[in-house]
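Every number here is computed from the coordinates shown, using simple stated rules; none is lab data. Just so it is clear, the model here is predicted, and its values are computed rather than measured. As a convention, Cβ positions derive from the backbone with ideal geometry for all residues, glycine included, and neighbour counts pool all protein chains shown.
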Amino acid sequence: MAEEKLSQRRAAELSKKNLNRADLTRQNLVGVNLARANLRGANLSDANMVCANLREAVLIEAKFYNTNLTDAKLSRAKLDGADFSKADTTGADFRNTNLSAVRNLTMQQIRVARVDETTRLPQSLKAKMPKTDAN
């Protein structure tokens, strides 16, 4: 299955599957369940992943260039080296997620996403986060 295009129907059945290095470029993956799937090195560029379930998925070195991740669920996903260039993260759930080693994530992408104290940000963005001390 690696390096091939997948139909939307097949993509809907991929929870826990191995999609190592899969090419999902420009695919319509709205609402797809990829929870706990292995998408290491997958190309998800220009994909429509609105409301996709990527909880606990392995997305190490995945490419999210210009991907629509609106309201996607990414909690506890493994994202080391993932590239978020121009991705739309509006409402994307990054709670309980380590983003410290992702690439090309901007403060604007963080502002529109769902993050909390359990979200680990890249060092370059931590300094830009507003202080929320109650003192």
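Numerical summary
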quantity: Extension gain, Thr90 back to Thr25 (0.36 nm per residue minus Cα-Cα distance, nm); calculated: 21.4 nm
quantity: Taking Glu117, Glu61 and counting other C-beta atoms within 10 Å, the order from fewest to most; calculated: Glu117, Glu61
quantity: Full-stretch length increase - Arg103, Lys126 - with 0.36 nm per residue and alpha-carbon distance subtracted; calculated: 6.9 nm
quantity: Amide H partners (placed H, <5 Å) of Asn18, local residues excluded; calculated: Asn38
quantity: Karplus 3J(HN,Hα) series, Hz, for segment 57-69 with 6.51 cos²θ - 1.76 cosθ + 1.60 (x for Gly, Pro); calculated: 6, 8, 10, 4, 6, 6, 10, 10, 4, 6, 7, 8, 9
quantity: Cα-projected label distance for Lys17 with Glu117, points at 7 Å along beta-carbon direction, nm; calculated: 4.0
quantity: Per-selection Kirkwood Rh - segment 1-117 (Cα, Å, 1 d.p.); calculated: 13.4
